[in-house]
Structures are given as structure tokens and as C-alpha cells.
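Worksheet: one structure, shown below.
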Amino acid sequence: MTSERIVRAAVGGTALFTVLSVLAAVTDADALVVVTVVVDLALFLVGCLAFVLTLLRAAARSRTDELTLPGLWWLSGSAPAPVRRALLGAFGVEVAVGLATASARPFTGLAFGVLAPVFGLGLAGLWGARLGTFPPRV
């Protein structure tokens with residue numbers, strides 16, 4: 001997976017999540033809430049998979065590179081500014097939208113939206129583990 005594909009996946013998944021969550025929060029369409037829950041769970045599962053792949057890749061890279069947790073998960077000093085802004089921006093939007101829509105319609109399927117940020121953070125970690133720049137291990 002290239003840098004561009006990871007960023008596109010993060011931005012696209014976040015856009016889909018945002019549109020569906022906001023529409024489901026402002027309408028009373030039960031079918032739309034069901035679709036939103038399915039998307040929320042899919043993003044969560046993809047994020048979990050990204051976390052596992054991140055940890056495996058980071059373990060392999062730690063033999064040769066001096067990895068840091070802020071560099072891996074928050075892309076601090078390991079990613080170009082545009083990539084960092086895109087990936088962490090997507091994560092931030094997921095957190096805000098998930099909390100806002102779950103708060104607007106509590107005790108409904110929109111509560112699953114709080115799981116979606118796992119997707120954004122997982123992809124940021126995957127980018128850091130695969131493509132982040134770290135100094136050689138000493």
C-alpha cells in the first residue's frame with residue numbers, strides 16, 4: 001500500500017462516515033441508521049486490522065530503525081506535513097463527528113460512530129510503520 005492509497009483511504013472513509021452519520025442524525029430514516037451502523041462497524045474492523053498490521057510492521061522495523069511511539073501513531077517527525085495533516089485531520093473529524101452524532105441521537109445505532117476513529121488512527125499508524133522516516137537503530 002502506497003502513501004497516496006493510505007491517505008485516500010483515510011479521507012474517503014472519513015468522508016463516507018461523516019456524510020452517513022450526519023444524514024442519519026438529521027433524519028428519521030431507520031434504514032439509513034442501519035447502513036450507518038454497518039459502515040461504522042466496517043471502519044472499526046478495518047482500523048483493528050490496520051492496528052495489527054502496524055504492530056507487526058513496527059516490530060520488524062524496530063530491528064533496524066529507532067521507532068518512537070509519537071512518530072509511529074501521531075506521525076511526529078516521521079511524516080511530511082501534508083500527510084500528517086491529512087491522516088490526523090481525518091482522525092480528528094472522525095472523533096468529532098462520532099461524538100457529535102452519538103450525542104445528538106443517544107441510545108440509537110449512531111452510538112456506534114464512536115468506534116470509527118479506530119479507522120483513522122489505525123491508518124495513521126500503518127502509514128508510520130510502513131513509510132515513516134526514523135533514524136537507524138544504535
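Quick note: the coordinates plus some simple rules give every number you see, no bench work behind them. Worth saying up front: this structure is predicted, and the values here are computed from it rather than measured. Reconstructed Cβ throughout: ideal geometry from the backbone, glycine too, with neighbour counts over all protein chains shown.
Observations
- Surface/4 of the Cα convex hull for the chain, nm²: 7.8
- About the Cα centre, charge dipole magnitude for the chain (Lys/Arg +1, Asp/Glu -1 at Cβ), debye: 560
- Relative contact order for the chain, counting Cα pairs under 8 Å that sit 6 or more residues apart, in percent: 40
- Here the translational diffusion coefficient of the range 47-119 follows from Stokes-Einstein with Rh set to the Kirkwood radius across Cα pairs; for 20 °C and 1.002 mPa s it amounts to 154 µm²/s.
- Inter-label distance for R63 and L41, nm, one decimal - labels placed 7 Å from Cα along Cα-to-Cβ: 3.9
- Helix 81-104 and the long axis of the chain differ in direction by around 30°, with both axes built from C-alpha atoms.
- Separation of alpha-carbon centers, the range 95-135 and the range 1-32, rounded to whole Å: 11
- Extension gain, A29 to R5: 0.36 nm times the residue separation minus the Cα-Cα distance gives 5.4 nm.
- The range 1-76 has equivalent-ellipsoid semi-axes of 33, 12, 10 Å, by the square roots of 5 times the alpha carbon gyration tensor eigenvalues, sorted largest first.
- Two-site label geometry, R85 and L56: point separation in nm, points 7 Å out along Cα→Cβ: 3.4
- Between helix 30-61 and the chain: long-axis angle, C-alpha atoms, 0 to 90°, nearest 10: 10
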